[in-house]
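Report on one structure; see the data block that follows.
Read the figures in this text as sums done on the coordinates, not as results from a lab. Predicted, not measured: the structure shown is a model, and the values here were computed from it.
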Amino acid sequence: MNYQILVTNREQTFVVKQGELLLQAMEKACQQAINVGCRGGGCGLCKVKILQGRYQTKRMSKAHISAAEQASGFALACRVFPESDLVIESDHFEDQSKQTIQVSVVK
């Protein structure tokens, strides 16, 4: 069985075979709809938001996907197994090393 994947913010579609990881299928289709990093869940570069559809995920690092984010549909594409057609948004990676932190010094 095949599932159709629509990446709304990139206006691209590709097909995933049942049992295939979302990111692998995108690469096989020669698409660039999702950012590719380490392919193993360690970098968070492939963070997506799943807007519609059913899916399962492998274990994901809490450093990249919090429990609240996971409950809101965020996942790492390298850890997602679609179980139906999906509608997703890509480009949700946040580089933690470039975020500014406000610090107050109390004397």
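Annotation: lysines with alpha-carbon distance below 28 angstrom to residue 58 (same-chain offsets under eight excluded): 17, 28, 47, 49, 98. How large is the helix-only mean residue ellipticity at 222 nm for the chain, computed as the sum of -39500 (n - 2.57) over DSSP H runs with n ≥ 4, divided by its residue count, in deg cm²/dmol to the nearest 500? Taking each H run of at least 4 residues, the total per residue is -2500 deg cm²/dmol.
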